[in-house]
1. What accessible surface, in Å², does a 1.4 Å probe find on residue 157, ignoring ligands, DNA and RNA and rounding to the nearest 10?
2. When only C-alpha pairs under 8 Å and at least 6 residues apart count, what is the relative contact order of the chain, in percent?
3. Just the number please: accessible area per residue for the chain, 1.4 Å probe, all protein chains included, in Å².
4. In what sequence, largest accessible area first, do 230, 91 appear using a 1.4 Å probe?
5. Given the pairs 232/326; 157/326; 12/77; 12/232; 195/232; 82/138, which are separated by over 23 angstrom at their Cα positions?
6. Can you give the calculated 222 nm mean residue ellipticity of the chain, where each DSSP H run of n ≥ 4 adds -39,500 (n - 2.57) and the sum is split over every residue, rounded to the nearest 500 deg cm²/dmol?
7. First measure r as the distance between the Cβ atoms of residue 49 and residue 409, then evaluate 1/(1 + (r/R0)^6) with R0 = 60 Å and state the FRET efficiency to the nearest 0.05.
8. Amide H of residue 328 versus every other amide H placed in the peptide plane: which residues, excluding those fewer than 5 positions away on the same chain, fall under 5 Å?
Amino acid sequence: MKPAIRAENLSKRYRLGSARADNNLTEAVRAGLGRAWRGLTRRAAAATSEFWALKDVSFDVRPGEVLGIIGRNGAGKSTLLKVLSRIVEPTAGRAEVRGRIGSLLEVGTGFHPELSGRENVYLNGSVLGMTRREITRKFDEIVAFSGVERFLDTPVKRYSSGMYVRLAFAVAAHLEPEILIVDEVLAVGDAEFQKKCIEKMRAVRRSGRTVLLVSHNLAQIESLCDRAVTLKQGVVAGAGPAAGQVREYLRQAREGAGDRVDLRVHPHRAGGAVPLLTALTVFADGAPGTVARMSGGFGFELAYELPRKPRDVRVGVVLENEMGVKVTAVSPTFEDPHLLDDPPAAGWVRVDVPVHNLVPGVYAVNVHFQAEGQADGIEPAGQLTVEADDAFGSGRTPDAGVAATYQRCRWAKSW
């Protein structure tokens with residue numbers, strides 16, 4: 001059986017700093033001559049201005065298979081999907097796609113703010129490739145899925161952001177192509193709606209359609225995908241069963257982690273955040289270290305530096321598991337709300353968690369800090385590994401695959 005999608009040595013090159021357009025023939029000729037001259041005289045400089053978003057990417061997708069694409073930000077995932085969707089032309093290589101494609105690359109593309117929700121269902125459906133008859137047949141189902149029935153004849157410019165994306169995803173989710181390409185659109189709306197999105201994707205999988213899915217939610221990749229391809233800086237770093245690729249991706253992400261992290265310049269600082277945090281130290285069983293036992297404890301020390309003495313500061317630490325689920329948080333706001341009143345301009349805040357109920361695994365340490373109306377946040381700033389041991393004294397170790405936490409309880413019986 002021929003593959004539904006075959007990528008052979010796909011490459012996409014961008015020229016950095018070449019956004020200027022040639023507006024007329026004279027300018028185009030002048031620019032062309034200029035580029036030719038610069039190419040002859042500055043070949044070395046020109047080479048450094050090139051960025052390869054994809055480089056020799058090859059893989060096959062079988063009909064009816066769900067393939068996940070994983071990798072860090074900037075790995076080339078979205079570029080790959082745009083090439084396969086024929087939105088972007090590859091620089092080199094070729095892609096064969098057999099079947100009608102439906103692309104969910106940006107929820108809400110084609111919505112007009114002045115039109116009502118009803119009118120935008122037809123407009124957006126047409127943009128996505130659905131016929132008017134097909135939209136009419138599915139209209140009631142789309143509206144019921146979105147949950148915005150009461151506001152259907154209201155202009156979407158008056159919708160909340162949640163209502164907007166729910167209606168947009170509802171339209172996109174009811175496409176019936178032979179091949180569906182999905183890029184990070186399963187995390188829209190509230191928790192209840194996200195659950196509906198996941199169930200819809202599972203229904204698509206059961207229907208036997210071919211799906212390409214990009215997601216940073218690794219739990220979704222494991223549960224929805226048969227295989228996965230890992231991209232790293234535009235090249236294929238691995239391919240195989242989804243669970244194995246997720247484990248290898250996480251293993252590589254953990255390499256090089258230390259107990260003390262310099263936060264003054266950090267690649268994961270939130271956009272617009274003011275650098276207030278200077279360092280994070282992770283503690284395990286009372287000593288600096290990133291590996292804690294399930295029966296032991298852990299802690300975090302956050303150092304900060306402000307331009308002047310504040311009246312108070314607020315701090316929080318959130319732990320996120322390997323699947324992107326935020327499983328627990330600590331903050332003095334709820335336990336000791338006046339702990340951080342009248343702090344110095346520079347100092348540190350430490351929290352110790354002597355007993356916990358986290359299952360074995362690797363947790364991202366997300367840190368948040370506020371002072372004098374300014375905020376700093378880094379996700380993740382570091383990591384904590386919890387190792388399995390006989391935490392309950394039963395001679396058995398809990399299974400990390402069952403749940404995110406195990407509660408310490410008192411049991412009773414009636415016989």
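1. So the heavy atoms of residue 157 present about 110 Å² to solvent.
2. Working: 795 pairs, mean separation 57.3, N = 415.
For the chain, the relative contact order is 14 percent.
3. About 55 Å² of surface per residue is accessible.
4. These residues rank, largest area first, as 91, 230.
5. Numbers: 232/326 25 Å; 157/326 32 Å; 12/77 12 Å; 12/232 14 Å; 195/232 30 Å; 82/138 27 Å.
Those over the limit are 232/326; 157/326; 195/232; 82/138.
6. Taken over the chain, the calculation gives -8000 deg cm²/dmol.
7. Details: r = 62 Å, r/R0 = 1.03.
The calculated FRET efficiency here is 0.45.
8. 319
The values are calculated or read from the model by the stated rules, or taken from the named source; none is laboratory data. Treat the numbers as computed from the prediction; the structure is a model and nothing was measured. Every residue, glycine as well, gets a Cβ built from its backbone with ideal geometry; the counts of neighbours run over all protein chains shown. All accessible areas refer to the heavy atoms of the entire protein, side chains included, with ligands and DNA or RNA removed. Shrake-Rupley method; radii C 1.70, N 1.55, O 1.52, S 1.80 Å.
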